[in-house]
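These notes concern the structure reproduced below.
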Amino acid sequence: MYRSVNEFMDTVVARNPGEKEFHQAIREVIESLWDFLQEHPRYMHSKILERIVEPERVLMFRVPWTNDRGEVEVNRGFRVEFNSAIGPYKGGLRFHPSVNLGILKFLGFEQVFKNSLTTLPMGGGKGGSDFDPKGKSDNEVMRFCQSFMTELQRHIGPDTDVPAGDIGVGGREIGFLFGQYKRLRNEFTGVLTGKALNWGGSLVRPEATGYGTVYFAKEVLATRDESLEGKTVAISGSGNVAQHATEKVIELGGKVVTLSDSNGSIYDPDGIDTEKLEYIMHLKNVERGRIKEYAAKYDVEYWENERPWKAKCDVALPCATQNEINADEAQTLIDNGCFCVTEGANMPSEPGAIDIYLENKILYGPGKAANAGGVSVSGLEMSQNSMRINWTREEVDTRLQNIMRDIHGQCVKYGEDGEFVNYMRGANIAGFIKVADSMLDQGVV
Ligand code: NDP
Ligand code: 2IT
């Protein structure tokens, strides 16, 4: 039995060498859980910690495909089937050159707790490839997706493992992946989520992560009698999550002053309005261009190779990627008056940044709670597919809002610390209990 977090982490690091994001994600959870585990020794006695950090299955495979010049290219494909205690493995696919096993294990691990919080019956998984969709033609992306699914199809299924999108995987990629699954398996099932509306998708799934993040921020702000009305909001990223978070902030009366991509950030002190957002959506989703073009079009500042966190704001919504806010940036945000950080991305704040949020007692909504809206509507898409019906936009959106409210309630229940709520601890404990108890019920699995 481990006597300290550090002792446990030494074993984790030795067993998973070099996988620093995975270590980071585990340490955060174990630190949150430690006191709770001392009070509830049955989890330690049953080796739940040792089991919960070990993926049930890891698949790694070759993905050969042919580019438009007729040359063969080879990428690496992965699926980490992390935990199926409460439902089929569920989680996105990421296509990005930085993808490696450690990153997907961190994302799969986070997904287990996140999915537990959603109230829906979904286990956790994550997959993807080091394939870079940037600069590739539609045909190249299609051939890559077909090759990727040719191997993945034998491991997934609507009751086994249901992938979806993440960075670099949106509607276009899900379409190509679904088409290939159907050809190979000769079945039309809900094996992927994030499908288009004509062929089994759910209304509000494209918007769900960004909307859900803002719904969560709304709940968090309400605990201090605050709302988004009139607030200045800094958002990072300019992809699926950032775009729809921006849309919802505008709808709720806030002013979004920044967006970014991997080359830099734009700062628009007048705020991104609906028309400007429409331009961004076309730029990013159709032309697949760079956010820099926004600065030129609207004559605003472009901060090359810089993240948006030096912008003065009340609320920050990191919606790009992991470890995109360091301790210095967290301090800058707070010095500039920011009092609420709600994470649309997965693990966007470095541990040092989180320490600063907590020391300053600002409102901090961690990704596994705040960005759970995406996978929640994926769960609703699975339900609609199984029932072979489609819910209306209003029905799905109402369910999404209720789920985000419920997640907030779970975080408060387990994270209350006097007047203050430590949402990170609350999310980790609440997410853990449901999965750990289910594992105990199911024996030594
Ligand atoms: P997209 O691919 O649509 O957009 C990603 C955005 O983040 C782009 O603007 C991209 O810029 C930027 N970005 C990606 N990697 C980096 C990097 N290394 N450094 C700087 N900027 C980067 O992805 P999503 O919007 O779907 O995902 C954003 C985040 O939200 C991720 O952390 C994802 O895991 C998380 N998430 C997504 C969900 C979903 O349903 N899609 C659900 C829950 C969480 P560029 O174009 O230059 O690469
Ligand atoms: O990180 C995430 O929760 C996602 N990328 C969405 C997963 C899903 O299955 O919808």
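Pull out all pairs, ordered by first then second residue, where Cβ-Cβ is under 8 Å, the residues are six or more apart or on different chains, the first lies in region 163-189 and is at positive phi, and the second is more than 15 Å from ligand 2 (Cβ to nearest atom).
Cβ pairs passing all conditions: GLY168/PHE131; GLY168/ASP132; GLY168/PRO133.
If you check GLU304, GLU324, which single one turns out to be among the acidic types (Asp, Glu) and open to solvent by 50 Å² or more (accessible area, probe 1.4 Å)? Lay out the reasoning, then the answer.
Numbers: GLU324 fails: open to solvent by 50 Å² or more (accessible area, probe 1.4 Å).
Residue meeting the stated conditions: GLU304.
Take region 407-424 and flag every residue that is open to solvent by 70 Å² or more (accessible area, probe 1.4 Å) and in a helix (DSSP H, G or I).
Within region 407-424, LYS413, TYR414 qualify.
So that you can scan it fast, the table gives a plain yes or no per residue for (1) part of a strand (DSSP E or B); (2) farther than 30 Å from LEU358 by Cβ:
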residue	(1), (2)
ALA242	no, no
VAL257	yes, no
LYS284	no, yes
TYR302	yes, yes
GLU306	no, no
TRP309	no, no
GLU329	no, no
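For region 260-301, how many residues are under 16 Å from ILE235 (Cβ atoms), within 13 Å of ligand 1 (Cβ to nearest atom) and charged (D, E, K, R)?
Of the residues in that region, 2 qualify.
Mind listing just one residue for me: the one in region 223-246 that is touching a helix residue (DSSP H, G or I) at 6+ places or on another chain (Cβ under 9 Å) and small (Gly, Ala, Ser) and, of those, nearest to ASP417 (Cα to Cα)?
SER227
Within the set of pairs 6+ apart or on separate chains, which have a first residue in region 420-445 that is touching a residue at least 12 places away in the same chain (Cβ under 8 Å), a second that is of a type in the set (Lys, Arg) and open to solvent by less than 30 Å² (accessible area, probe 1.4 Å), and C-beta atoms under 8 Å apart?
Once the first residue is touching a residue at least 12 places away in the same chain (Cβ under 8 Å) and sits in region 420-445, its partners that are of a type in the set (Lys, Arg) and open to solvent by less than 30 Å² (accessible area, probe 1.4 Å) give ALA427/LYS368; ASN428/LYS368; GLY431/LYS114; GLY431/LYS368.
Would you check which residues across region 36-52 are in a loop (DSSP other than H, G, I, E, B) and touching a residue at least 60 places away in the same chain (Cβ under 8 Å) and list them? Break it down stepwise before answering.
Keep residues of region 36-52 that are in a loop (DSSP other than H, G, I, E, B), which gives 40-41, 46-47.
The answer is SER46, and nothing else.
Working only within region 281-295, note down all residues that are over 10 Å from ILE266 (Cα atoms) and out of contact with any strand residue (DSSP E or B) (no Cβ under 7 Å at 6 or more places or on another chain).
Filtering region 281-295 down to residues over 10 Å from ILE266 (Cα atoms) leaves 281-290.
Correct list: MET281, HIS282, LEU283, LYS284, ASN285, VAL286, GLU287, ARG288, GLY289.
Counting only residues that are open to solvent by 10 Å² or more (accessible area, probe 1.4 Å) and under 27 Å from GLN322 (Cα atoms), which one in region 174-194 is farthest from ligand 2 (Cβ to nearest atom)?
PHE176
Could you pull out the residue among GLY128, GLY77 that is buried (at least 18 other Cβ atoms within 10 Å of the Cβ) and within 12 Å of ligand 2 (Cβ to nearest atom)? I'd like the intermediate steps shown before the answer.
Details: GLY77 fails: within 12 Å of ligand 2 (Cβ to nearest atom).
Answer to the check: GLY128.
Which of the residues belonging to region 256-301 are surrounded by fewer than 17 Cβ atoms within 10 Å (Cβ to Cβ), of a type in the set (Phe, Trp, Tyr) and within 25 Å of the chain's Cα centre (by Cα)?
Scanning region 256-301 gives a single hit, TYR279.
List the number of the failed condition for GLU226; all other conditions in (1) away from ligand 2 (no atom under 16 Å from the Cβ); (2) open to solvent by less than 10 Å² (accessible area, probe 1.4 Å) hold.
Of the numbered conditions (1) away from ligand 2 (no atom under 16 Å from the Cβ); (2) open to solvent by less than 10 Å² (accessible area, probe 1.4 Å), the odd one out for GLU226 is (2).
Does any residue of region 195-213 turn out to be away from ligand 1 (no atom under 11 Å from the Cβ), farther than 29 Å from GLY91 by Cβ, assigned to a helix (DSSP H, G or I) and at pLDDT 95 or above? Break it down stepwise before answering.
From region 195-213, those away from ligand 1 (no atom under 11 Å from the Cβ) are 195-204; that's our starting set.
Right, trim to farther than 29 Å from GLY91 by Cβ and you get none.
Scanning region 195-213, I find no residue that is away from ligand 1 (no atom under 11 Å from the Cβ), farther than 29 Å from GLY91 by Cβ, assigned to a helix (DSSP H, G or I) and at pLDDT 95 or above, so the answer is no.
Quickly run through region 82-91 and pick out the residues that are at negative phi, touching a residue at least 60 places away in the same chain (Cβ under 8 Å) and buried (at least 24 other Cβ atoms within 10 Å of the Cβ).
Listed by number, the residues that qualify are ASN83, TYR89, LYS90.
What are the residues in region 349-402 that are acidic (Asp, Glu), part of a helix (DSSP H, G or I) and within 16 Å of ligand 1 (Cβ to nearest atom), if any?
Filtering region 349-402 down to residues acidic (Asp, Glu) leaves 350, 355, 359, 381, 394-395, 397.
Imposing the further condition that a residue be part of a helix (DSSP H, G or I) reduces the set to 355, 359, 381, 394-395, 397.
Of everything in region 349-402, those that are acidic (Asp, Glu), part of a helix (DSSP H, G or I) and within 16 Å of ligand 1 (Cβ to nearest atom) turn out to be GLU381, ASP397.
What tally of residues in region 110-121 results from selecting those that are part of a loop (DSSP other than H, G, I, E, B) and within 13 Å of ligand 1 (Cβ to nearest atom)? Full working, then the answer.
Of the residues in region 110-121, the ones part of a loop (DSSP other than H, G, I, E, B) are 118-121.
Next, from what is left, pick out any that are within 13 Å of ligand 1 (Cβ to nearest atom): 118.
Qualifying residue count for the region: 1.
Going by what's in this entry, would PRO318 be described as within 11 Å of ligand 1 (Cβ to nearest atom), within 21 Å of the chain's Cα centre (by Cα) and open to solvent by less than 40 Å² (accessible area, probe 1.4 Å)?
On the way: within 11 Å of ligand 1 (Cβ to nearest atom): yes; within 21 Å of the chain's Cα centre (by Cα): yes; open to solvent by less than 40 Å² (accessible area, probe 1.4 Å): yes.
Yes, satisfied.
Across region 200-223, which residue is nearest to HIS244 (Cα to Cα) among those that are away from ligand 2 (no atom under 15 Å from the Cβ) and open to solvent by 20 Å² or more (accessible area, probe 1.4 Å)?
Step by step, filter region 200-223, then rank; the result is LYS218.
Within region 92-109, work out how many residues are near ligand 1 (Cβ under 9 Å from one of its atoms), of a type in the set (A, V, I, L, M, F, W, C) and either surrounded by fewer than 24 Cβ atoms within 10 Å (Cβ to Cβ) or under 14 Å from VAL169 (Cα atoms) (or both).
1
Of the numbered conditions (1) of a type in the set (Asp, Glu); (2) open to solvent by 10 Å² or more (accessible area, probe 1.4 Å); (3) more than 30 Å from SER260 (Cα to Cα), ASP166 fails exactly one; give the number of that condition.
Only one criterion is unmet by ASP166, namely (3).
The values are calculated or read from the model by the stated rules, or taken from the named source; none is laboratory data. Predicted model, so just to flag it, every value in this text is computed and none were measured. Backbone-built Cβ (ideal geometry, glycine too); neighbour counts: all protein chains shown. Protein only, heavy atoms only, side chains kept; ligands, DNA and RNA dropped before computing areas. Shrake-Rupley method; radii C 1.70, N 1.55, O 1.52, S 1.80 Å.
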